[in-house]
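Have a look at the structure below, then the notes.
The values are calculated or read from the model by the stated rules, or taken from the named source; none is laboratory data. Quick caveat, the model's predicted, so the values are computed rather than measured. Glycine also receives a Cβ, built like all others from the backbone with ideal geometry; neighbour counts cover every protein chain displayed.
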Amino acid sequence: MSKIVVIGAGPAGMMAAGMAAKGGNEVILLDKNDRLGKKLFITGKGRCNVTNSSDIEDMIDNVPGNGNFLYSAFYTFTNENLIEFLNDLGLATKVERGNRVFPESDKASDVIDVLEKFLKMNNVRVQLRAEVKKIYKMDKEFIIDMKSGDSITCDKLVISTGGCTYQGTGSTGDGYRFAKAFGHTIIEPKPSLVPMVTKEDWVKDLQGLSLKNAQVTLMKNNKKIYESFGEMLFTHFGVSGPVILSSSRHLVGIDTLKDNVKLIVDLKPALTFEQLDDRVTRDFEKFTNKNYINSLDDLLPQKMIPVIVGLSGIDDNKKVHQITREERQNIVKLLKNLTMTIEKTRPLNEGIITAGGVCTDEINPSTMESKLVKGLYFAGELIDVDAYTGGFNLQIAFSTGYLAGSNV
């Protein structure tokens, strides 16, 4: 029996600690917060999108940050395994649009409750408000110096302290410091899954407007770098929402202004240009004697109408029957290509996930053990892997945590 310490009680750390203890080891789980799973509590707007039910190859395709590193993790502890694991602990789950898996209760707290139950079942010793100051290795033992002045020794160590986004949840980049002290390379942390700041003033007029089915295309120097479909939200500074957050992953390392980054939104992706032109023509026939400003009620959300009217350059009070064919087709082009200039992304602390972290070349992908230091393991967001929205990042946490805990 080995004595094992796991630092960081997020999903990866709780899974690692529970699995290590299940293997018959003495396990201590340390976290500097006053409760387990502090960041997990706010994921999915408090609903906790635990995983995605797509097949494994699709899962890996949704991890633009070193997805290939996760083959062993995703195939050893699959999304199906995770759902079964949660169900067996008493958490019912459901699948929603985009194959996203949530607890049936829509409560992240219920996910944390069953993980805590898993820890208790396996006699994991949990120490909260336990901040680690320094870690080093002497002979075959790891020595963990606590901020309290105490020291803990162990045979093997799992670091799962998360990234450095949402720092109020305790993700302050401590793990990078610990890993670096053991000689590991840290790929510079940058925000991934982060809202975007736009240049255009009219975006502010749409603040609070959510579009359920928008097609978004991200362009860099007039070349397409990403395209997706889904929900987006206009804010006081620009744009956010699931499809925007996933798009933002492709801005990591890009100078948005220098590289002329544009976001193009198709407001009516279900219709071709010709079909939308026909639709607008029918609406114009219906409202033929009205002013242009009052002719788009059947086509667009109320909040968007004055913005589109303004961008079209057509006088608000022009009678609909006076609008030329060329003007009408320009309106259609605008609806299919609403374009914004991306000035920058929001700060690192506002990113849902951190891109960067402990270099994957220095970690055994089959066990999560350090290739540099025997007995040292990593799990979760601390590693240089990151995915799009949709439950993929939590699956990374659970799968890498499972591997680390099973192999430690």
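Residue 323 meets each of the listed conditions (1) surrounded by fewer than 19 Cβ atoms within 10 Å (Cβ to Cβ); (2) free of Cβ contacts under 8 Å to residues at least 40 places away in the same chain apart from (1).
Evaluate the following for residue 62: is it in the same structural domain as residue 103 (by TED's automatic domain parsing) and out of contact with any helix residue (DSSP H, G or I) (no Cβ under 6 Å at 6 or more places or on another chain)? Can you show your working first?
Working: in the same structural domain as residue 103 (by TED's automatic domain parsing): yes; out of contact with any helix residue (DSSP H, G or I) (no Cβ under 6 Å at 6 or more places or on another chain): no.
No, not satisfied.
Restricting the search to the range 221-260, which residues are over 21 Å from the mean Cα position of the chain (by Cα) and of a type in the set (A, V, I, L, M, F, W, C)? Scanning the range 221-260 gives a single hit, 257. Kindly indicate the residue of the range 326-353 that is over 18 Å from the mean Cα position of the chain (by Cα), part of a helix (DSSP H, G or I) and acidic (Asp, Glu) and also surrounded by the fewest Cβ atoms within 10 Å (Cβ to Cβ) among those meeting that condition. The selected residue is 326. When 21, 12 are screened for being touching a strand residue (DSSP E or B) at 6+ places or on another chain (Cβ under 6 Å) and of a type in the set (A, V, I, L, M, F, W, C), only 21 passes. In the set (1) under 16 Å from residue 50 (Cα atoms); (2) free of Cβ contacts under 8 Å to residues at least 24 places away in the same chain; (3) among the hydrophobic types (A, V, I, L, M, F, W, C); (4) in contact with a strand residue (DSSP E or B) (Cβ under 6 Å, 6 or more places away or on another chain), the condition left unmet by residue 101 is number (2). Of the residues making up the range 119-141, those that are within 20 Å of residue 173 (Cβ to Cβ), of a type outside the set (A, V, I, L, M) and touching a residue at least 40 places away in the same chain (Cβ under 8 Å) are 129, 131, 134, 136.
Annotation: of all residues in the range 224-281 being in contact (Cβ under 8 Å) with a residue 24 or more places away in the chain and among the charged types (D, E, K, R), the one that is farthest from residue 299 (Cα to Cα) is 259.
I'd like the residue in the range 144-197 that is β-branched (Val, Ile, Thr) and either crowded, with 23+ Cβ neighbours inside 10 Å or more than 21 Å from residue 353 (Cα to Cα) (or both) and, out of all such residues, is modelled with the lowest pLDDT. Among those residues, the one meeting the criterion is 165.
Restricting 256, 217 to those that are polar (S, T, N, Q), surrounded by 15 or more Cβ atoms within 10 Å (Cβ to Cβ) and part of a strand (DSSP E or B) reduces the list to 217. Evaluation of residue 85 against the conditions (1) under 16 Å from residue 393 (Cα atoms); (2) of a type in the set (Phe, Trp, Tyr); (3) at pLDDT 95 or above shows that the sole unmet condition is (1). Would you check if there is a residue in the range 354-376 being over 30 Å from residue 138 (Cβ atoms) and in a loop (DSSP other than H, G, I, E, B)? There is no residue in the range 354-376 that is over 30 Å from residue 138 (Cβ atoms) and in a loop (DSSP other than H, G, I, E, B).
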